[in-house]
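Enquirer: This is the structure, below, for whatever I ask next.
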Amino acid sequence: MSQKKQYQELVRRYLENKATDEELEVFFHLLQQGKLKSYLDQALGKEQQSLLGQEDGHGKAASVISLRWGRVAAAAVLVAGLGVGGFWYFAQHQKSHPLPTSQKIKDIQPGHNHAILTIVGGRHLDLDSQSNSVLVLQGKSRLVRNKSGEWVYQGTDEPEPGITFNVLSAPRGGQFPFVLEDGTRVWLNAASSLTFPTSFRGSSREVTLIGEAYFEVAQDARKTFVVHAGNQGIQVLGTAFNVNAYPDESLVKTTLITGSVRLNKEQSSFLLGPGEIGFWDSNGKEEKIRDEDKVEAAVSWKNGYFSFAEDDIQIVMRQISRWYDVEVRYEGPITQARFGGDIERDLTLMQVLRILEKSQVHFRLEGKVLTVLP
């Protein structure tokens, strides 16, 4: 279910006095952030919403606003069922087994904007700690901060003996926005790297991705933009799309937001339209999925939250592992539960685990090792 539908349902359950304690916590948290304004306008009208806002500081609101496990994410309470039919996207009122409160457990902060740029000659630039607004690379190539604080790569038209490349790497626990020399904007997710030439020459603009990135490709009818990911290529002219090509994921998935792309693999090729997810399955069969929830989930990381759409625990934990830079282990049988819902990525790891534990999955955190318990 999309975030919009979740918010609408949450408002409806509150107004009908059917919300659980956990849903009330989420409701007032979102209300305080102003994220429910449009939904309340529709349901109550501006005058009634004003009265509701006053209630936030008195009475019922005051009794539930004191959160039991820290900051609650926007629509962030997950629930798990044993199958698709068991889904519900806010926590049910149930007993939970909280994480151990031993003083030895040290919480882990969320990831942040951080990347390493490796340029010709092996020089490494830490783009998290650099404070200069202009960085000279090689020749006339440079990095310049724009008004939005993003690093913009400026190549050079100087003659070169051959094609040379730069590599932008976002480590585990990092992510990074970047602008290529043609104006294409790239958001690199954690544990990912993008290899791009020092200058786009010829009739194409080609980059290589390991991991995950979101692209907003600058239009240039003379030069096709191509992303090489895994054993396939994504060919575009001007569009916005997400590519998930982590080595530990079973499939390379391309999610198209606007425009059109062509997916190429060996002798196979097919077009993707807006709102579609395309991939080749384990048998080499072309697949297209048109699902609002899955499309939203695929690009949620760029917008600052995890979004799960009927995902199993291993998919969930791979995302947690990359963003919080922890090693995930499993003790005993792996739960067959499926997860749906959203969690903000700026929460600490302990806050996220307490949310996940609402679905009766339990954890043990020891340093940088996170164990999923039966």
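The values are calculated or read from the model by the stated rules, or taken from the named source; none is laboratory data. Being a predicted model, the structure only gives us computed values, none of them experimental. Methodologically, a virtual Cβ is constructed for each residue, glycine included, from the backbone with ideal geometry; neighbour enumeration extends over all protein chains shown.
Enquirer: With the structure loaded, tell me whether ASP346 is touching a Gly at 6+ places or on another chain (Cβ under 9 Å) and either within 17 Å of ILE108 (Cα to Cα) or crowded, with 18+ Cβ neighbours inside 10 Å (or both) or whether it fails that test.
Expert: Working: touching a Gly at 6+ places or on another chain (Cβ under 9 Å): yes; either within 17 Å of ILE108 (Cα to Cα) or crowded, with 18+ Cβ neighbours inside 10 Å (or both): yes.
Taking the combined requirement at face value, the residue satisfies it.
Enquirer: Condition check: of a type in the set (Ser, Thr, Tyr), modelled with pLDDT under 95 and within 22 Å of SER250 (Cα to Cα). Does SER269 satisfy that? Show your work before the answer.
Expert: Details: of a type in the set (Ser, Thr, Tyr): yes; modelled with pLDDT under 95: yes; within 22 Å of SER250 (Cα to Cα): yes.
Yes.
Enquirer: Continuing with this model, one more query. Every residue in the stretch 211-222 that is among the aliphatic types (A, V, I, L, M) and surrounded by 17 or more Cβ atoms within 10 Å (Cβ to Cβ), please.
Expert: Taking the stretch 211-222 and keeping what is among the aliphatic types (A, V, I, L, M), we get 213, 217-218, 221.
If the condition is that a residue be among the aliphatic types (A, V, I, L, M) and surrounded by 17 or more Cβ atoms within 10 Å (Cβ to Cβ), then ALA213, VAL217, ALA218 are the ones that fit.
Enquirer: How about the stretch 169-207: which of its residues are under 22 Å from PRO247 (Cα atoms) and either charged (D, E, K, R) or surrounded by fewer than 18 Cβ atoms within 10 Å (Cβ to Cβ) (or both)?
Expert: ARG172, PRO177, THR195, GLU206, listed by residue number.
Enquirer: Could you tell me whether any residue of the stretch 252-264 is assigned to a helix (DSSP H, G or I), hydrophobic (A, V, I, L, M, F, W, C) and within 19 Å of SER193 (Cα to Cα)?
Expert: Of the stretch 252-264, the ones assigned to a helix (DSSP H, G or I) are none.
No: zero hits.
Enquirer: Where residues in the stretch 274-320 are in contact with a Phe, Trp or Tyr (Cβ under 9 Å, 6 or more places away or on another chain) and among the hydroxyl-bearing types (Ser, Thr, Tyr), which of them is farthest from GLU331 (Cα to Cα)?
Expert: SER300
Enquirer: Same structure again: If I filter the stretch 223-255 down to residues being in contact with a strand residue (DSSP E or B) (Cβ under 7 Å, 6 or more places away or on another chain) and hydroxyl-bearing (Ser, Thr, Tyr), which single residue comes out as surrounded by the fewest Cβ atoms within 10 Å (Cβ to Cβ)?
Expert: The residue in question is THR224.
Enquirer: Right, next: Can you tell me which of SER192, SER204, SER250, SER268 is in the same structural domain as VAL152 (by TED's automatic domain parsing), touching an Asp or Glu at 6+ places or on another chain (Cβ under 6 Å) and touching a residue at least 12 places away in the same chain (Cβ under 8 Å)?
Expert: Numbers: SER204 fails: touching an Asp or Glu at 6+ places or on another chain (Cβ under 6 Å); SER250 fails: touching an Asp or Glu at 6+ places or on another chain (Cβ under 6 Å); SER268 fails: touching an Asp or Glu at 6+ places or on another chain (Cβ under 6 Å).
Result of the check over SER192, SER204, SER250, SER268: SER192.
Enquirer: Given the conditions (1) under 28 Å from ASN132 (Cβ atoms); (2) out of contact with any strand residue (DSSP E or B) (no Cβ under 8 Å at 6 or more places or on another chain), report the number of the one that VAL167 does not fulfil.
Expert: (2)
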